[in-house]
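See below for the structure under consideration.
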């Protein structure tokens, strides 16, 4: 890749919406990321095995992928609730038949103790500022003997990520990008390690914790891959940082670089950690 002169970003008004919100990218996220998230979400629901007519809480439901799978699992007599801080994401979840939703976060969950047979959090735990507090409350609303399940990304260092990051670092410094990632997904690296994930769930009070590495293959056009990256934490940060003119230039250079390096469509393999643990009966 040829070296480019880093452009000077424009300033954005402080009153603008927090760039960490998914509200502005919800529809794109649903279109290009749902097919990637759906297979591990279905496997997560199968792993916690909610009973027929059971009650399931999906924390950070997003566009409702895991919640929809849970609705199938518990049947018409069951109850599935999805919570998420993004109203735009919740509207998309409702369009998939997830009718019970709440705009809420994992801390101070608005449910009584032991209300659910199973709790799931699909690609969510690394967003929590205080994940220990969030896990405590998720376990609180889980019935004794119930299962809590989470998925996280494993290793994210692949040729596609390196190509995207290389172009990004020609528009913003590495330190700026690292700082943005720390603000939006502070525990992504921590929970990409299966040992740390297992230890964190055990320390939260779960028993019989199991962590499994799984590989999921996906194929998409370069345009869809790059659209998906725009919905990521760093994509949202860069769009807010650069302003529309530089953002348009950034997108053009990304497309040029990806078409130079890769065939279209591209095949990608995602490593996922799937973990489950049981709330003690006493």
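A few comments on the model shown:
- With Cα atoms, 0 to 90° folded angle of helix 174-184 axis to the chain main axis: 20 degrees
- Judged by the mean number of other Cβ atoms found within 10 Å, the most tightly packed of the peptides 42-52, 161-171 leads the ranking 42-52, 161-171.
- Rounded to the nearest 10 degrees, the inclination of helix 65-74 to the longest alpha-carbon principal axis of the chain is 20 degrees.
- Projecting label points 7 angstrom from Cα along Cα→Cβ for residue 18 and residue 213 puts them 3.4 nm apart.
- Taking a ≥ b ≥ c as the square roots of the eigenvalues of the Cα gyration tensor, an a/c ratio of 1.5 or more together with a/b larger than b/c marks region 118-211 as prolate.
- Once the Cα-Cα distance is subtracted from the 0.36 nm per residue extended length, the residue 95 to residue 72 segment shows a gain of 6.7 nm.
- For residue 108 and residue 49, the difference between the fully extended length at 0.36 nm per residue and the C-alpha to C-alpha distance is 18.7 nm.
- Angle in degrees between helix 131-140 and the longest Cα principal axis of the chain, rounded to the nearest 10: 30 degrees
- Normalised by residue count, region 149-282 yields a Cα convex hull volume of 114 Å³ per residue.
- From most to least packed by mean Cβ count within 10 Å, the peptides 141-153, 174-186 give 141-153, 174-186.
- Bins of 5 Å from zero: percent of alpha-carbon pairs in the chain: 1, 6, 12, 16, 18, 16, 13, 8, 6, 3, 1, 0, 0
Throughout, read-outs are computed from the coordinates displayed, never taken from laboratory work. Remember, predicted model here, so these are calculated numbers, not experimental data. Cβ atoms come from the backbone with ideal geometry, glycine included; neighbour counts cover every protein chain shown.
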